[in-house]
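Read through the structure below, which is laid out as structure tokens, and then see the notes.
Here, each number is a calculation from the coordinates, and none is a lab measurement. None of the values given here were measured: they were computed from a predicted structure. Cβ coordinates were reconstructed from backbone atoms using ideal geometry, including for glycine residues, and neighbour counts include every protein chain displayed.
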Amino acid sequence: MEGRICLLSDNLDGAKAKEVLLQYSDAEKSLTFEVTSINVPAIVPIKRNVVQMSAQAIGTKSTRVTWVARPEPKLLAYPLYP
């Protein structure tokens, strides 16, 4: 699916995040996207992150939003991973 590149600094050759939409459902009010780091310093411990978001009406004026992130640490980050 389509995605976008987010600049994380003023430097066009600097750190970026690539976001790709993996799943979208208007009927279920949900989406899943993947974030991959580009040109980030080696100290950044995350290789990629898959995020699931959904919205559910819980009343006439209330909505419950659920945001679940599943980060994938870089190999050397596993000793620090909870």
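Global dimensions of the chain from alpha-carbon coordinates: Rg and Dmax equal 15.8, 48 Å. Of the trypsin sites (Lys or Arg not before Pro) found in region 32-67, those in coil by DSSP whose Cβ has at most 16 other Cβ atoms within 10 Å are K61.
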